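Student: Take a look at the following structure, please.
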Amino acid sequence: MGRQVEGNLWINEGGHLCIRGHDLVELAEKFGTPLYVVDAQRIRENYRRFRDAFSSYPRVLIAYAYKANPNLAVCSILKDEGAGAEVVSGGELYIALKVGVDPEKIVFDGVSKGEEELRMAIEEEIGAINVESLEELRKIEKIASRLGKKARIGVRLNPDVPVRTHPHDVTGARHSKFGLDFKSALKAYEMAMKMRNIEVKGVHIHIGSQITQVDSFKSAALKLFDLASRLRGMGITLEYLDLGGGLGVTQGKDHLKEYADALLKVIREKAEELDLGEPKLIFEPGRYIVADSSVLLTRVNYVKEIFGRKWVLVDAGMNDFIRPAMYGATHKIVPVNKPQGEERYDVGGPICESSDVFGRDVRLPKMEAGDLLAILDVGAYGICMSSQYNSRPRPAMVLVDGDKVSVVRERETYEDLISKDRIPD
Ligand code: LLP
């Protein structure tokens, strides 16, 4: 079979990088580059590991965060595994319904939901709408009464806890726009209890993304229980506790067990102390489920040396994968068609922006035009954050599943670039 590089990546006898036995050189030749390659089995494995980590608790819903990768094939795999959906827009709700997720298992989050999006959610009788403002609550009540429906809601608490991650990924701190502070959250519950078309079901927190410090999750959960306890005093019993997503992924270390054990401990202790019974738990993982399922294949266009730095210039750009440019995220870059070497290169794309750089001082073999590289762990916030910037058609995406290779997103064409543009008469 060859030699394992990491996870699901191997080098075959021909010296080529493979994903589950599929030669990436062949895939690049067949489907062109830049190319996202997704490993279906890795998604299933990640989902099952996450599910099993909480299996000692009787009622858990894992609502996969669609924003991480809303591709139909990806969402369909997760639906077949039994996952629910965390959606933040009418579009994501549409996709969840399209792949056949049971509406009961759909949770609608978002700080500024539109009227039409809310109408859709209420009409479809989804499991929960997590409310982030008093005005949103009033709007939901109005729409529900117009439709003659009852909307099931939770309130998103902004727990104001410190979190160590990229500032763009912090959502549970007092400077961020998300959720309601403790006092306003109480007010929302008070209001909601008086509304005829609202059923108060739960509470929601989500403190951010790419978090590996379990203490932050614990502190946030404790704040959630402070609220639950006050609500108990008001006669409100919560049916669900939605703990959001945010578990980070780091190469070579899995934080899941630590995360699940710590949260379950807090939840069990607090639920018993406050006599809350066993409320349903909702988790909304995105990155953990899909990040390491995918690689981005890119071909080298040029190699050059300027001011003593060696550059590899590839055909993927920040429009195809924006995380390094946007968050300074580090993604491992490995050779695909030749063995690893000891040269050092900066790896840049074709976009006319200096932030269009995938890596600095990357260890690689001697590179030549035509060589292939793989950027790793691009399955979350990858293709879904791609754009057509610099008028570049978005890349294709193929899914490998057992022996099968399927195009699950077609490469865009030049025609696609202008298909929505109009020149006035
Ligand atoms: N639930 C809510 C309410 C969220 O806002 C998010 C992510 C998630 C769940 C899933 O979080 P995850 O488990 O994937 O960390 N584009 C950024 C990440 C933005 C995350 C936005 N919200 C990145 O590439 O790092």
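The values are calculated or read from the model by the stated rules, or taken from the named source; none is laboratory data. Since we're looking at a predicted model, the values are computed, not measured. When we count neighbours, we look across all protein chains shown, and the Cβ atoms used for this are built from the backbone with ideal geometry, even at glycine. Please note that ligands, DNA and RNA were not included when accessible areas were found on the heavy atoms of the full protein model with its side chains. Shrake-Rupley method; radii C 1.70, N 1.55, O 1.52, S 1.80 Å.
Student: At 222 nm, what value in deg cm²/dmol follows for the chain if DSSP H runs of at least 4 each add -39500 (n - 2.57) and the sum is divided by all its residues, to the nearest 500? Each step should come with its number before you reach the end.
Tutor: Numbers: 12 runs with 128 residues, N = 425.
It lands at -9000 deg cm²/dmol.
Student: Okay, moving on. Taking the chain as a Gaussian network, Cα atoms linked when under 10 Å apart, which of Asn130, Asn12, Asn69 shows the biggest mean-square fluctuation?
Tutor: Asn12
Student: Here's a follow-up. In percent, how large is the relative contact order of the chain, given Cα pairs closer than 8 Å and 6 or more residues apart?
Tutor: 18 percent
Student: Turning to a different aspect of this structure: Sort segment 292-425 into rounded, prolate or oblate with this rule: let a ≥ b ≥ c be the square roots of the eigenvalues of the Cα gyration tensor; rounded if a/c is under 1.5, and if a/c is not under 1.5, prolate when a/b is larger than b/c, oblate otherwise. Walk me through the numbers on the way to the answer.
Tutor: Working: a/c = 1.97, a/b = 1.34, b/c = 1.47.
In terms of gyration-tensor shape, oblate.
Student: Something else about it: Per-residue counts of other Cβ atoms within 10 Å, averaged by peptide: what ranking do you get for 207-213, 23-29, highest first?
Tutor: In decreasing order of mean packing, 207-213, 23-29 become 207-213, 23-29.
Student: Choose one of Gly233, Pro162, Val249: the residue whose Cα lies farthest towards the positive end of the charge dipole of segment 109-285 (beta-carbon charges +1 Lys, Arg; -1 Asp, Glu; about the Cα centre).
Tutor: Among Gly233, Pro162, Val249, the one farthest towards the positive end of the dipole of segment 109-285 is Gly233.
Student: Another question about this same structure. Kindly flag which residue pairs out of Lys98/Lys150; Lys142/Lys257; Lys98/Lys265 have an alpha-carbon separation exceeding 31 Å in this structure.
Tutor: Where the Cα-Cα span goes over 31 Å, the pairs concerned are Lys142/Lys257; Lys98/Lys265.
Student: Also: In debye to the nearest 20, how big a dipole does segment 267-425 give about its Cα centre with +1 on each Lys and Arg Cβ and -1 on each Asp and Glu Cβ?
Tutor: Values: 22 positive and 27 negative charges, 113 e Å.
Taking the Cα centre of segment 267-425 as origin, the dipole is about 540 debye.
Student: What is the dipole size for the chain, taken about its Cα centre, with +1 at each Lys and Arg Cβ and -1 at each Asp and Glu Cβ, in debye to the nearest 20?
Tutor: Magnitude of the dipole: close to 840 debye.
Student: At a threshold of 8 angstrom on Cα-Cα distance, excluding pairs fewer than six apart, so keeping six or more, what relative contact order does segment 261-333 reach in percent?
Tutor: After rounding, I find 15 percent.
Student: Rounded to the nearest 5, what % of DSSP beta bridges with both residues in segment 296-425 are antiparallel?
Tutor: Rounded to the nearest five, the antiparallel share is 90 percent.
Student: Return the carbon/sulfur percentage of the accessible area of segment 109-285, one whole number, probe 1.4 Å, all protein chains in place. Intermediate values should be presented prior to the final figure.
Tutor: Numbers: 3810 of 8010 Å².
Result for segment 109-285: 48 percent of the exposed heavy-atom area is carbon or sulfur.
Student: When ligands, DNA and RNA are left out and all protein chains stay put, how many square angstrom of accessible area per residue does the chain have with a 1.4 Å probe? Working shown, then result.
Tutor: Working: 19100 Å² over 425 residues.
About 45 Å² of surface per residue is accessible.
Student: In the chain, what % of DSSP beta bridges are antiparallel (nearest 5)?
Tutor: About 50 percent, rounded to the nearest 5.
Student: Further question: Any chance you could list P(r) for segment 109-285, counting all Cα-Cα pairs in 5 angstrom bins from zero, rounded to whole %?
Tutor: 1, 9, 18, 20, 19, 15, 10, 5, 2, 0, 0
Student: Another one. Within the accessible area of segment 1-71, what % is carbon and sulfur when the probe is 1.4 Å and the other protein chains stay in place?
Tutor: 47 percent
Student: Work out the charge dipole of segment 1-56 with +1 on the Cβ of Lys and Arg and -1 on the Cβ of Asp and Glu about the Cα centre, then indicate which of Pro34, Cys18, Asn46 is farthest towards its positive end.
Tutor: Most positive-ward Cα: Asn46.
Student: At q = 0.06, 0.09, 0.10, 0.13 Å⁻¹, what log₁₀ I(q)/I(0) does the chain have when each alpha carbon counts as one equal point scatterer in the Debye sum?
Tutor: -0.28, -0.60, -0.73, -1.12
Student: Let's see if you can work this out: charge +1 on each Lys and Arg Cβ, -1 on each Asp and Glu Cβ, no other charges. What is the dipole magnitude of segment 109-285 about its Cα centre, in debye to the nearest 20?
Tutor: 460 debye
Student: Something else: For segment 109-285, calculate the relative contact order in percent as a whole number, restricting contacts to Cα pairs under 8 Å that are 6 or more residues apart.
Tutor: It rounds to 19 percent for segment 109-285.
Student: Provide the percentage of antiparallel DSSP beta bridges, counting only those with both residues in segment 109-285; round to the nearest 5.
Tutor: Within segment 109-285, antiparallel bridges account for around 10 percent of the total.
Student: Quick check on packing: order 344-350, 282-288 by the mean number of other C-beta atoms within 10 Å, highest mean leading.
Tutor: 282-288, 344-350
Student: Who wins for biggest fluctuation among Ala53, Ala151, Ala121 in a Gaussian network model of the chain, springs between alpha carbons below 10 Å?
Tutor: Maximum among the listed residues: Ala53.
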